[in-house]
Amino acid sequence: MSTTGTPETGEDAPDTPGTAASGTSPTQWPENLPETVHLPRSVQIGDDDSDDEITEKLRRQGARIGKGVIAPAVFWPALLIILAVALLAIIFPETSSTVMFGIQNWIVADLGWFYMLAIGLFVVFSIALALSPYGRIRLGRDEDRPEFGLFSWFAMLFAAGMGVGLVFYGVAEPLGYTTNNVKPSWDGEGVELSGQAMAQTFMHWGLHPWATYAVIGLAVAYAIHRRGRPVSIRWALEPLFGERVKGWVGDVIDVLAIFGTVFGIATSLGLGAQQIGAGMTAIGLIDGASTTFLMILITVITFLATLSVISGVGVGIKWLSNGNLTLAGLLLVTALVFGPTVFLLQNFVESLGVYLSNVFEMTLDVGAYTRSEEAQSWFAGNTLFYWGWWIAWAPFVGVFIARISKGRTVRQFISGVLLVPSLVGMIWFAIWGGNGLFRQWFGAGDLGDITAEESMFRIFEGFPLTGLLSVLGIILVAIFFITSSDSGSLVVDMLASGGHPNPPIWSRVVWAVLEGLLAAALLASGGLEALQAGSLVTALPFSIILLLMCVSLVKALSLDQAVLNQYEQIRRMEAVTRHIAGEVNATLPKNEEFGEYLDTRVDDRIDYRLERTRGAFGRPRSEKPSERTAARPAGRHDRRGRGPSDTESDSDAD
């Protein structure tokens, strides 16, 4: 991470933070420490830079951008691989399904422990990092402050955490764990499993996924805000791989990030299409959502997302997204007020207690003692699917939260990313899942065979204005669908364009269409199970990259902390020096300087030169008084503070 006379730019290093205040010259720094962790401002992308200037700066940093403002070594391999997978799934659905499920079964049977351990390590790593001395390092220059206020930042983190998944599984997941999807290792049945069901749901949507996002988000935020690198996953591994991230190693990293992101978005689009179809069935618009209808639905909404890309209505999409969050909050309050309010509050408190008392066991539960096809199928469709989904989504969410977190410290970043979305997710599931549990076990008892996509609309049946709420639910899912496709395409396009913040429109359209095509292909080859298998399979290689990011991040922060400590030592030394000099000068006689005053006190020090050393029988060379007098500079004081005239007077007196 050395930046002194950066080799990639040939320019001098920028002013070091703290140098101006301390007056320290760069030559005083130890050779094993860089002057600064920041790249020169001249190669960092500025807010006012034109697209051509940005492209030139990216090239100077090592990005290999070709014609059309794309990185050919990333764009074409990622595009061709994803397109091939989608076409094979459409042309040979049964064969594709067999291959995908075969890989999924192998991962669950032989590598499920790896996924569980990796996610657990991400949680421990994030918490440890926040509590360590590295927590005070700022994501930006030392003088930078947060770009967004605390409330706005929390709202945007909530937006990143909210999505089709929460709406799709809000009712069905905790309810299913007590009815037709019971974890094989649990004892009891029905309502007795409610606390464990809620705790398991909290684990799937709480600290664990957000710790995964925190790892990649922090690594990317450090690279782009602290170092000044482009928005690209490869630069998060620069402290580990060095200059190699500019070559094929970095290309592979970005291709895997694109691959995982597109599959994660396609999974969400497939779930969203299923839920929209269920909602339209619930309000009587259609008789049932067939696979053909779902593909048509994906095509229509992908077209809308593509239209938003072409029209450039980015600001409108932002307002639409904010309005969607308001709509989600409105539906949540409606479910709390018109549902069994007291039970829902009790459900949240008790479920939180069960979660906290069992979180370690659930984190490392790999089903080692329930070796059956049923147990393997449960893990594949639940915990391991979620871990694969979160890892596949990690590049998209990580880049998003990294871009909005400039100026925050490492401790603020991790605390906000872990706590706020986790708490919001728990509240969401406690209310929606609590409604489902209450209706099944203390009410009508008619939700035992419910499907995930129809679950929310079945809950609306017990509320006033059922039709209106169902329409709002469909709108909620549809807007999540559009905004996820639009913003996901932007992130993928940035990765495929070397980190360019304004990638070309045509390539964003390509990625938006490809996401829709892949979602339709996965639905055609096996429905929900195929979507789950796709996420689990594509997440495997990127999980290794996330683990490498942990090592890379510690290496970067260690060096950064060493730099900060060195600045602090120099600052303190200079402060002490100034203080001592000031105190000593204050005690000297008038018209005296400390240096001159000190010289007189070392003038008559003992002479240890070799020529003054005598042998065993040698005699010391005599020195005449005149030589001693000549050796002392004129006008200097002796040890008693007297001048030459006083010394001569003493000799005369003697």
| Under a 5 Å amide H to amide H cut-off, with H placed in plane at 1.01 Å, what residues pair with Thr409 once short-range neighbours are removed? | Leu139
| task | Provide the packing ranking of 450-462, 567-579, i.e. peptides ordered by the mean count of other C-beta atoms within 10 Å per residue, highest first. | result | 450-462, 567-579
| Any idea what % of Cα-Cα pairs in region 424-580 are farther than 22 Å? | 70 percent
| message | Can you find, among Ala211, Ala282, Phe263, the residue sitting farthest towards the positive end of the charge dipole of region 210-291, where Lys and Arg contribute +1 and Asp and Glu -1 at Cβ? | response | Ala211
| note | Of the convex hull enclosing the alpha-carbon atoms of region 244-294, the direction-averaged projected area in nm² is 4.1 nm²
| message | A 21 angstrom limit on the alpha carbon distance is what I want to check against. Which of Lys57/Lys555; Lys246/Lys555; Lys67/Lys406 exceed it? | response | Lys57/Lys555; Lys67/Lys406
| note | With 0.36 nm assigned to each residue of separation and the Cα-Cα distance removed, Ala562 to Phe92 gains 163.6 nm
| remark: Here Rg/Rh (Cα, Kirkwood) for region 115-567 equals 0.96
| said: For a protection proxy built on the mean count of beta-carbon atoms within 10 angstrom, sort 173-186, 510-523 highest first, please. | reply: 510-523, 173-186
| message | Could you sort the peptides 223-229, 248-254 by per-residue average Cβ neighbour count (10 Å cutoff), highest mean leading? | response | 223-229, 248-254
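For region 309-439, what value does the Rg/Rh ratio take when both radii are computed over Cα atoms and Rh is the Kirkwood radius, given to two decimals?
In region 309-439, Rg relative to Rh is 1.03.
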| message | Nothing charged except the Cβ atoms of Lys and Arg (+1) and of Asp and Glu (-1): what's the magnitude of the dipole of region 115-567 about its Cα centre? Round to the nearest 20 debye. | response | 1720 debye
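Only the coordinates and a few stated rules stand behind these numbers; no lab work does. Since the model is a prediction, treat every value here as computed from it, not as a measurement. Using ideal geometry, Cβ is built from the backbone for each residue, glycine included, and neighbour counts are taken over all protein chains shown.
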